[in-house]
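The values are calculated or read from the model by the stated rules, or taken from the named source; none is laboratory data. For clarity, every value in this text was computed on a predicted model and none was experimentally measured. Virtual Cβ from ideal backbone geometry, glycine too; neighbours counted across all protein chains shown. Heads up: the accessible areas ignore ligands, DNA and RNA and are worked out on the full protein's heavy atoms, side chains in. Shrake-Rupley method; radii C 1.70, N 1.55, O 1.52, S 1.80 Å.
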Amino acid sequence: MKKQFIILFIAFTAILSSCTVKSSKVSSDIDNKVDSILSLMTLEEKIGQLTLYTSDMDQTGPFIKKQYEDDIKEGKVGAIFNAYGAEYVRRLQEIAVNNTRLRIPLMFGYDVIHGHQTIFPVPLAEAATWDMMAIEKSARVAASEAAAQGLNWVFAPMCDIARDPRWGRIVEGAGEDTYLGSDIARARIRGFQGTDVSDVNTVAACVKHFAAYGASQAGRDYNSVDMSERMLREVYLPPYKAAVEEGALTVMSSFNDLDGIPATANKYLLNDILRTEWGFDGFLVTDYASINELVTHGVATDTLEAAKMALIAGSDMDMQAGAFNKALGKFVEDEKLNEGYIDDAVRRILKAKYKLGLFDDPFKYCSVEREKAEIMKPENRQAAREVAVKSMVLLKNQDSLLPLNKSVRSIAVIGPLADAKQEMLGSWSAAGDYNKAVSVVEGLQAKVPTARVTYAKGCNINDDNTTLIGEAVKAARSSDVVILALGEGAQMSGEAASRADISLPGVQQKLAEEILKTGKPVVVVLFNGRPLTINWINDNIPAIVEAWFPGTEAGNAVADVLFGDYNPSGKLPVTFPRSVGQIPIYYSMKNTGRPADPKSKWTSKYLDISNDPLYVFGYGLSYTTFSYSEISLSSNNFSGKDSLQIKVTVANTGKYKGIEVVQLYIHDKVASVTPPVKLLKGYTGVELNPGQAKDVIFTIKADDLAFYRADMTFGCEPGDYTIYVGGNSRDTKSAEFTLNLPL
Ligand code: GLC
């Protein structure tokens, strides 16, 4: 045995050293290196690479298996998640590298969804910036902090389009729109993976949850998804595809079934679309123990069969189910499973490890010095503050109550979110330390140190206790202005956090009513992970700022906006309904054959509420005002071989410098398939000083008008179109053009 081992060790060292020598050409001959190692692996070692277990440092699913260190030692694990820290990861990696025969390094993954230790605004908030540089920066900082703590793989970006705010995971994505969501997916991949994923401050991204998880029926998490192929390809798939095209190293499948087949074992999704159509060559990881859930879904009789189904469909790595370890070896031995499926999966996983540089140095992410230097450094916090102010959306500002004057003498800061720190981080706050977060009270105190800031909780987030309201009313009466910090708890959105009623929870509206009765000027700052039906707040409170969950720098960012050190520029990436009864509601609806007409009974409307949302997609105010000229077109006709320039002049007609996100929508008047009333086809942020005007020019080509036509081919059609340009999806200037043949 000893002699064999020595020969083997020499052979492996030769491969490894040859890898080092060749590492400069890693991208060109990784396959050879992988095949060399694969040829040395036993079946059990191969299956071990296909297994991902969680450590017990954090829990992100229904159960944890405590024996993960023994599993590493026995070569039964290819990657660990929910473990971070340079020293802890080094210790786990040493177990793998020093105790297993082939010394194959582990990958270390974690849900770094909007920051690692420095927590950035939740992804839905970042989407409200419409600023791809800011979004990329957020992912860049998250990657550098995660990589400084031993991690080399993040389970992000979540690319699920969501149009149902009852679904708690709407907070983790980019909202309702395919075009914006695709841009954001690309920006996040660039941020996480950088230009070279072997760089020590970059990490492998993981595009999730593939696919269409955001369409879970009734907004209930994990629920079934059923939709036409057209809807799937037109609306839900493009952001995942954009992320894959941007070079994502991994993809995670979703819990839901799609058209009756759970994604975990859905060959059409995982192989035909992802690999054959899109050419994805990374590896696919399942979601948390979802292989075992194939039995619960009712498509597998037991977890052994489930494991085989998942592997054959295209699942390469088994997260937490332990099903591959349990089942695959016996199927191969009994000649009931072609070992080639296992080899293909192992190859894809080993390739990722090579690309990360883990074979060159398994401990490259485990530097205590780099960890100390990188984590929560001031520039990371500053970056989080900058993204946070850009994510906030000014929903109402009656009589220009905002921005507040810094000479204000007394401020009452009231509400269950006013002094909250943990809530400010939102769900999926990774390694974020909420003790280092800045509360709204702290942010205001820092902004106006000479003012008297009085805090009163007023009520809890979500119960019927009204005993604290009196004290809050007193605080309001003795102050010049009231900041009401209202909203949801951080865990009221995110995974397994669907709500059938999306109004302000508890007695928060009652608190607001009592505070309003004092006659003091009141500003509501909302902290929430989904659109809320805040009709009474909108009708009665003079100023409203949507702050989402702003992260570590929450209080400072809120203060920056309320006192005008940042003029809000955020625009809603998701429609706010007036009632949960309107859901699904989104801007790009179809016209129907009987569009709503309040004067006619026989039209598509409700008896008890208008079809209009509370706030439309793309909506957001500024402390200044902007005017739009009429649209001028380079031509009213164009064909497939040329392009069309669309120009508007936007002017700042107010008294504050500000950024306006100018949005371009297009409506195809007649098509072979019922066209949405409008679709986002472009946007750009333009910064204007008071009195300044700038021309904003969009260029479109025929390809930008492509869609899945009646015969399911993807392309454009000649005909008449309407263009809409404005600061949201409703208040727009319009113009007409015709797309002519040849296309
Ligand atoms: C969870 C989530 C997924 C996450 C994974 C690992 O169940 O669905 O988004 O990345 O498990 O924590």
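Size of the chain: Rg and Dmax of its alpha carbons, in Å, are 27.0, 91. Over the chain, what percent of the accessible surface lies on carbon and sulfur atoms, probe 1.4 Å? Carbon and sulfur together cover 50 percent of it.
For segment 227-336, the extents of the C-alpha atoms along the principal axes are 41, 27, 24 Å, listed from largest to smallest. Put simply, the convex hull of the Cα atoms in segment 126-254 casts, on average, a shadow of 7.3 nm². One quarter of the surface of the convex hull around the alpha-carbon atoms of segment 34-371 equals 15.2 nm², the direction-averaged projected area. Beta-bridge orientation, the chain: approximately 55 percent antiparallel, per DSSP, counting only bridges with both partners inside. Sorted from longest to shortest, the spans of the Cα atoms of segment 68-123 along the three principal axes equal 44, 19, 16 Å. Looking at the chain, the accessible area is 37 square angstrom per residue; that uses a 1.4 Å probe and ignores ligands, DNA and RNA. Ordering Val203, Gly298, Asn256 by Cα displacement along the dipole of segment 34-371 toward the positive end leaves Val203 in first place; charges were set at the Cβ atoms of Lys, Arg (+1) and Asp, Glu (-1). With the convex hull drawn around the C-alpha atoms of segment 626-740, the volume per residue stands at 85 Å³. Put simply, segment 402-455 fits an ellipsoid with semi-axes of 25, 11, 9 Å; these come from the alpha carbon gyration tensor as the roots of five times its eigenvalues, largest first. Here is how the number arises for the chain: DSSP H runs of 4 or more residues each give -39500 (n - 2.57), the sum is divided by the residue count, and the result at 222 nm is -8500 deg cm²/dmol. The Rg/Rh ratio for segment 551-703, using Cα coordinates for both the radius of gyration and the Kirkwood hydrodynamic radius, is 1.03. Provide, for q = 0.25 Å⁻¹, the log10 of I(q)/I(0) from a solvent-free Debye sum over equal Cα point scatterers in segment 686-743. Cα-only, vacuum Debye calculation for segment 686-743: -1.14. Computing FRET efficiency as 1/(1 + (r/R0)^6) for Lys605 and Arg101, where r is the C-beta to C-beta distance and R0 is 51 Å, gives about 0.15. For segment 383-568, the alpha-carbon coordinates run over 41, 37, 28 Å along the three principal axes, in decreasing order. Segment 94-181 gives an Rg/Rh value of 1.12, both radii derived from C-alpha positions and Rh following Kirkwood. Kirkwood analysis of segment 173-213, using all unique Cα-Cα pairs, places the hydrodynamic radius at 11.2 Å. Relative contact order for segment 626-740: what percent, with Cα pairs under 8 Å and sequence separation of 6 or more? Value for segment 626-740: 33 percent.
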